[in-house]
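Heads up: the structure comes next, in structure tokens.
The values are calculated or read from the model by the stated rules, or taken from the named source; none is laboratory data. Nothing here was measured: the structure is a model prediction, and the numbers come from that model. Note that we place each Cβ from the backbone using ideal geometry, even for glycine, and neighbour counts take in every protein chain shown. Accessible surface areas use protein heavy atoms only, side chains included; no ligands, DNA or RNA. Shrake-Rupley method; radii C 1.70, N 1.55, O 1.52, S 1.80 Å.
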Amino acid sequence: RAMLGANFESTLDVLEIIAPKEELQALRDAPEAQRPAEWAKFWAARDPDPSTIENEALTQHLERVQYVVKEFSQFGPGWRSDRGRVYVRYGAPEQIDTAMDGRSQGEYEIWRYYGRDLTFVFYDMFGVGDYKLVEGEF
């Protein structure tokens, strides 16, 4: 309920990671009383197996958001971080490599999604865990 009430704007911000703004317009424009129905429609369109009670896409999305909030919230909401946004959209990478920047105290983190042919390179300039996307298109 909080996602569709007090935290509604944040909920829409998180959904923009996985859906274009135009697709979220009906949910954005819905009066508060209509939000649950629009929410249900939004997720029904993504349900990979409508014959089951569970909407696997919604469950997966909520698990990913919960993970990034826990793991990537050192410098603000985890879903707003570059690694958090990639994780919410694509899930856990198949492989993570790290490499030190020989010129400074910085560190690279490379996320590979072989099944999607995607690679994301994040860089933490000061070695404090504040990784920014430097390569890969989100």
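Laid out as a table, the results:
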| quantity | calculated |
| --- | --- |
| Average accessible surface area per residue within segment 27-138, 1.4 Å rolling probe, Å² | 62 Å² |
| Three-way shape call for segment 39-83 based on the alpha-carbon gyration tensor, with the a/c threshold at 1.5 | prolate |
| Protein accessible area in the chain, 1.4 Å probe - carbon and sulfur % | 50 percent |
| Whichever aspartates and glutamates have a C-alpha closer than 17 Å to that of residue 132, once near sequence neighbours (fewer than 8 apart) are set aside | 71, 82, 97, 101, 107, 109, 124 |
| Calculated FRET value between residue 58 and residue 23, using beta carbons and R₀ = 22 Å, to 0.05 | 0.90 |
| When the convex hull of its Cα atoms is projected in every direction, mean area for the chain (nm²) | 9.5 nm² |
